[in-house]
Each structure stands twice: as structure tokens, then as C-alpha cells.
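Please read the structure below before turning to the comments.
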Amino acid sequence: KKHVVLNAGYDYKDFRWELSLRNFSPQQSVNPNTPDFVEVVNDLVESNRTFRSLFDGDSTSFRLEAYYAELELALWRFRLTPGVRSEWYSLSKSRGVGPRMGVEFLIPETDTTLLAGAGRHFNVPPGLNYISIEAGNPNLEMEEADRAAAGIEQKIGKHWLIKLEVFRNIFNNVVVEDRFVVQPFSPRTNRREQIQRPGEVIAEPFENRFLNFSNDGTGFSEGFEIYIKKTRAPRSSGWFCWLSYTNSLTKRNNHQPRFSDDENEELFRRDSNRRVLAYLEQDRNFFNYYDTGELEFFYDNDREELYDLDRTHQISLVLNYKFSDEWQIGGRWRYSTNTPFTPIVGNGDT
């Protein structure tokens with residue numbers, strides 16, 4: 001028990017998601033040029049697959065199973081925690097195996113601990129809209145992240161601790177919006193179409209289904225964190241506080257073809273009169289073969305850019321003072337800098 005401990009186990013999670021519109025009712029407008037509410041809804045239902053899935057109600061379910069094992073080894077001044085975790089995601093039948101390793105080296109003479117760790121982690125697509133059978137891509141695989149960190153932890157006296165850590169995370173298989181990924185000859189399974197237009201579905205049972213999302217995204221996050229903490233003895237009065245400062249850089253690359261406005265208009269014009277017969281992706285570049293006999297090659301000319309959730313500086317402060325077993329007072333303050341954004345100032349109505 002003092003030197004070797006084995007932890008092993010099995011996780012099972014069952015997800016059942018449902019998404020639909022609620023309290024959706026007509027709104028009166030004093031503008032005579034405003035289209036009729038019912039007409040607008042009908043047009044959206046016919047032209048926008050995502051809106052149609054919301055209007056009709058969208059749902060899905062999947063399982064996430066994981067096996068894991070981890071050793072805790074205490075040898076001299078070292079504490080090692082090698083491990084591995086295998087995860088299986090039922091919707092796309094994808095599997096990820098993530099090795100992990102943690103190392104601690106204790107210097108008791110100075111109350112110093114050196115820390116390092118690395119591992120591969122997986123995450124299922126983060127929302128129903130991504131994996132919707134009706135409006136998304138149920139074939140999406142799990143997102144992947146390789147994480148590594150190293151640091152030093154120093155105790156000062158009985159109640160103070162200072163920690164410095166550097167980190168780097170590399171992301172792959174990130175889910176991104178993809179206007180090109182398509183599944184040719186997909187069965188027309190929409191219930192609304194089967195009920196309202198059964199003859200059309202029977203005459204033309206297959207369609208080009210645009211999946212809207214893919215696993216083409218990559219990215220990274222790197223930086224350092226300084227953490228200072230003051231504790232108090234159990235059941236004693238006094239101050240408890242901690243302060244942390246993080247400096248980081250986070251970038252993403254969606255690996256999507258970029259076009260000028262003129263190129264977009266020309267592509268939209270051509271696509272309105274043709275259908276994809278074959279879609280082939282190779283290293284995030286892809287080919288489309290159309291029923292017009294045309295073969296087009298689209299190449300990845302995207303670039304890394306600051307992620308929407310990038311935070312260059314983040315400071316967090318927590319203060320707490322305990323007067324007695326019954327009374328204490330505390331507060332929290334946080335400061336962060338994010339990427340610029342343009343606020344919405346109106347909806348264009350006059």
C-alpha cells in the first residue's frame with residue numbers, strides 16, 4: 001500500500017438529448033412590408049434543414065464507454081502515475097486510446113515538489129446540433145487533445161504555497177462548421193417529407209445530405225500559470241485566500257477553403273444547377289464529382305487564427321475571512337482579456 005496501488009475501472013454513460021422550439025407563436029407587426037408569419041415559417045421549414053429539425057423536434061441518443069487503469073508508484077522521492085484510458089463512442093463507432101503519465105519529485109529539505117504530466121484525452125462532440133441525424137453529422141468522431149504540463153510547487157511555512165506551471169495542449173479532430181461535407185445518395189428519412197410528399201419521396205428516394213460539420217479542426221493552447229494560496233488551520237479563524245494569473249495563447253485552424261465574395265457567388269450559381277455524385281476527402285483537401293460531369297478540386301487554404309475563447313491574461317482572486325464556526329465572509333474577483341468582438345446594436349428595423 002505504501003509503494004504500489006492499482007486503480008482500474010469501467011465507465012458507462014448513456015446520453016439522451018432532445019431539442020425543440022417552445023412557446024413559438026406569431027408576433028404582430030405594424031410594418032405592412034413584413035411577410036406573413038406563417039409564410040416565413042413555411043419557407044424556413046422548406047429551405048433550412050436546421051430550422052426544420054428544431055420545428056419538428058430533434059433528438060438522439062448514444063453511449064460512451066471507457067476502460068481505464070492507473071498505477072500509483074511511490075519510489076524514494078518519486079511518485080509516478082502511469083495509466084491508460086480507452087473510450088468508445090457509439091454514434092460514430094469511434095474509439096480512442098489515451099496513455100497518460102504523471103511524475104512528482106519531492107525535495108523534503110525545502111518543501112519543494114517538481115511536477116510533470118502528459119496525456120491524450122478525448123471528448124464527444126459538444127452539442128446535439130453537431131450530431132443531429134436530421135441537421136448535423138452523426139458520423140463525427142471524438143475530439144482529441146494531447147496535453148502536457150510541468151511545474152514547481154513550493155511550500156512556505158505552514159500556510160503558504162506558491163506554484164508555477166507551464167503547459168501546452170495540441171487539439172485534433174476538432175468539430176467545425178463545414179459547408180462542403182456532403183453525403184451523396186443519402187436516404188430521405190425526414191418524416192415531414194414522407195407524410196406531406198410521399199409520392200416525391202418514392203420517386204426520388206435519395207438526396208444530397210449536407211452534414212454541416214466535420215472533424216477538420218486543429219489548434220493549440222500554450223502558456224503559464226502562477227498560483228499563490230494561503231490556508232488556515234482546521235477549525236480556526238482567520239484568512240483563507242488564493243490568487244492565480246494565467247498568460248496563454250490559443251489558436252484554431254478550421255481547415256476550410258476560403259473564397260472571395262466573387263468566388264462564393266460563382267460557386268453558389270454553379271451549385272444551384274448540379275448535384276454531387278461523389279465526395280472524396282484527402283488530407284483536408286477534397287474532390288467533388290457532379291451529375292453535370294464536372295470534377296472540382298477544393299484545397300485547404302485556411303490559416304491559424306486566434307480562437308474565439310482565447311484569453312491572453314486572466315487573473316482570479318478569492319478572499320475569505322472566518323470569524324467563528326458560524327460566521328465568515330468572502331468574495332471573488334476575476335479579470336480577463338479576450339478577442340475583440342462587435343456588439344449587436346440593432347436589427348435593421350425602422
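Rule-based calculations on the coordinates, nothing more; no lab input. Everything numeric in this text was worked out from a predicted model, so none of it was measured. Cβ sites come from the backbone with ideal geometry, for glycine too, and all protein chains shown count toward neighbours.
Before moving on, here are some points about what is shown:
- If you plug the beta carbon distance of Asn264 and Phe51 into 1/(1 + (r/R0)^6) with R0 = 25 Å, you get a FRET efficiency near 0.70.
- Matching the structure-derived Rg/Rh (Cα atoms, Kirkwood Rh) against the labelled list (1) 0.97; (2) 1.06; (3) 0.95 gives the label (2).
- Difference of contour (0.36 nm per residue) and Cα-Cα distance, Phe78 to Thr339: 89.8 nm
- Of Asp302, Asp178, Asp216, the residue with the greatest mean-square motion in the GNM of the chain, using alpha carbon springs below 10 Å, is Asp302.
- Mean separation of Cα contacts under 8 Å, 6 or more apart, over the residue count of the range 1-140: relative contact order %: 23
- For the chain, the relative contact order is 10 percent, taking Cα pairs closer than 8 Å that sit 6 or more residues apart in sequence and dividing their mean separation by the residue count.
- If you take all other residues with their beta carbon under 9 Å from the beta carbon of Asn173, and give Lys and Arg +1 and Asp and Glu -1, the sum is -4.
- Efficiency of FRET from Cβ geometry, Gln328 and Leu164, R₀ 30 Å, rounded to 0.05: 0.55
- Net charge contributed by nearby residues that have their C-beta within less than 13 Å of Asp56 (K/R +1, D/E -1): -1
- Remark: for residue pairs Lys158/Lys229; Lys163/Lys322; Lys229/Lys322, the C-alpha separation exceeds 23 Å in Lys163/Lys322.
- Magnitude of the charge dipole, the chain, Cβ model with Lys/Arg +1 and Asp/Glu -1, debye to 20: 2320
- Entry note, the range 171-211: relative contact order of 57 percent, from Cα contacts under 8 Å with a spacing of 6+ residues.
- Förster radius 35 Å - calculated FRET efficiency between Tyr245 and Lys13 (Cβ-Cβ, nearest 0.05): 0.50
- Rounded to the nearest whole Hz, the Karplus-based 3J(HN,Hα) values (6.51 cos²θ - 1.76 cosθ + 1.60, θ = phi - 60°) of the range 316-322 follow the sequence 10, 9, 10, 10, 8, 10, 9, with x at glycine and proline.
- Cβ-based charge dipole, the range 242-350, positive-most Cα from Asn253, Phe323, Asn285: Phe323
- Which of Val38, Leu21, Leu75, positive extreme of dipole for the chain (C-beta unit charges): Leu75
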